[in-house]
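These notes are about the structure you will find just below.
The values are calculated or read from the model by the stated rules, or taken from the named source; none is laboratory data. Keep in mind that what you see is a predicted model, and the values were worked out from it rather than measured. Cβ placement follows ideal geometry from the backbone for every residue including glycine, while neighbour counts extend to all protein chains displayed.
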Amino acid sequence: MSDDEQNLDWARASLVLQARQTGIMDGHILKALESVPREAFVPDEYIEHAYRDVSIPLDNHQSMISPIKLAKMLVALDLADMPTKVLEIGTGSGYGTALISKLCKRVFTVERDRHLLRAATACWKKVGISNIVEANEDGLAGWSHQAPFSRIILNGSVQQVPIEIIEQLSEDGVLVAAIGAPSEVQKISKIIKVDGQLDTSVMGTIRLPALKSGKSTAP
């Protein structure tokens, strides 16, 4: 093992320890943080920051969610029972998708930016993940012909969750989203569908850029 590889292993272990110190005790999520190489999803110029708890810039004015914030959203998503189908809105770098892939049977991820999606797909292939299905579409419309989903996560903020996405959540399903204005601190909201009604609880706060509607196919 080279010095660089050893340093990354130490940094990954340090991130897992930091996650524990912030109250994340779900063993499945901690194992995913330990097993998925975040450096594979980080642009080369930011490799040294791969395991720091910071957001990292991506192309086209996008960014990676900091790993601890992402882990807190996954805790709220409640993946302990290894759900069959998870819908992710906003693929981004694909790192979050990779974490989720370790915690469910299949991830369906939608990204409006074709360039980002191609890069993410290459990363999944590189690290040997094969239970992800991706689409270059308007994420705020969800993925209706694959619905229903027992879990849905939005990797970006919305002022309210679109009804089209709510309708794709299965009975007793869980949806997690950052709800609030993009210029303000948002609430990590956990929404459970019970007898067709929505039970919402706040799991913390976060600051994420707003999800955009539409589809970008620019190379």
Inset, instruction - Scan Lys190, Lys215 and give me the residue that is basic (Lys, Arg), on the phi < 0 side of the Ramachandran plot and under 16 Å from the mean Cα position of the chain (by Cα). - result: Lys190
Legend entry - Matching residues, the stretch 1-30, being touching a residue at least 24 places away in the same chain (Cβ under 8 Å) and of a type in the set (Gly, Ala, Ser): Ala11, Ser14, Ala19
Inset, instruction - Return yes when Leu17 is crowded, with 16+ Cβ neighbours inside 10 Å and either closer than 27 Å to Asn136 by Cα or not hydroxyl-bearing (Ser, Thr, Tyr) (or both) and no when it is not. - result: no
Inset, instruction - Could you give me the residue pairs with C-beta distances under 7 Å whose first residue belongs to the stretch 171-185 and is under 23 Å from Cys104 (Cβ atoms), whose second residue is of a type in the set (Phe, Trp, Tyr) and crowded, with 23+ Cβ neighbours inside 10 Å wherever it lies, and which are 6+ apart or on separate chains? - result: Gly173/Phe149
Inset, instruction - Among the candidates Gly173, Gly214, Gly196, single out the residue that is surrounded by 19 or more Cβ atoms within 10 Å (Cβ to Cβ) and more than 16 Å from Leu70 (Cβ to Cβ). - result: Gly173
Inset, instruction - Check whether at least one residue in the stretch 88-104 is within 22 Å of Ile165 (Cα to Cα), out of contact with any strand residue (DSSP E or B) (no Cβ under 7 Å at 6 or more places or on another chain) and either modelled with pLDDT under 95 or part of a loop (DSSP other than H, G, I, E, B) (or both), and report yes or no. - result: yes
Inset, instruction - Could you tell me whether the stretch 149-157 includes any residue that is over 20 Å from Arg112 (Cβ atoms), surrounded by 12 or more Cβ atoms within 10 Å (Cβ to Cβ) and not small (Gly, Ala, Ser)? - result: yes
Inset, instruction - Just give me the residues in the stretch 128-140 being surrounded by fewer than 17 Cβ atoms within 10 Å (Cβ to Cβ) and either assigned to a helix (DSSP H, G or I) or on the phi > 0 side of the Ramachandran plot (or both), in sequence order. - result: Gly128
Legend entry - Scope the stretch 31-69; condition in contact (Cβ under 8 Å) with a residue 40 or more places away in the chain, among the aliphatic types (A, V, I, L, M) and more than 17 Å from Cys123 (Cα to Cα); matching residues: Ile68
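How many residues does the stretch 129-147 contain that are touching a strand residue (DSSP E or B) at 6+ places or on another chain (Cβ under 6 Å) and in contact (Cβ under 8 Å) with a residue 60 or more places away in the chain?
Kept after step one, since they are touching a strand residue (DSSP E or B) at 6+ places or on another chain (Cβ under 6 Å), are these residues of the stretch 129-147: 131-135, 137, 139, 143, 146.
Among the residues that remain, those that are also in contact (Cβ under 8 Å) with a residue 60 or more places away in the chain are: 137, 139, 146.
Here the count works out to 3.
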Inset, instruction - Considering each residue of the stretch 20-51, count those that are under 17 Å from Leu79 (Cα atoms) and in a helix (DSSP H, G or I), and give that number. - result: 9
